[in-house]
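Scroll down for the structure; my scribbles are underneath it.
The values are calculated or read from the model by the stated rules, or taken from the named source; none is laboratory data. Remember, it's a predicted structure, so these values are computed and weren't measured experimentally. Here the Cβ positions follow ideal geometry from the backbone for every residue, glycine too, while neighbour counts run over all protein chains shown.
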Amino acid sequence: MKNTIKMVVTDLDGTLLKTDKTVSEYTKNILSQCRKIGIKVAYATARGESAERLL
């Protein structure tokens, strides 16, 4: 049986976000590619809903 990645979950601060609180173009492209092939992307954070505007 082949293992398949179904979801990527990431934290924001210190993981996904750079020190200036932006997301690199590389990271955006990788997450976009994940979505295109059916991998769900989720963010595990203590931030409020307004953080969604960063992505």
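Residue pairs whose Cβ atoms lie under 8 Å apart, sitting 6 or more positions apart in sequence or on different chains, and linking a residue in region 17-30 that is hydroxyl-bearing (S, T, Y) to a partner that is surrounded by 11 or more Cβ atoms within 10 Å (Cβ to Cβ), are T22/L54; T27/L16. Among the residues making up region 21-42, those that are outside any helix (DSSP H, G or I), modelled with pLDDT of 90 or more and not aliphatic (A, V, I, L, M) are T22, S24, G38, K40.
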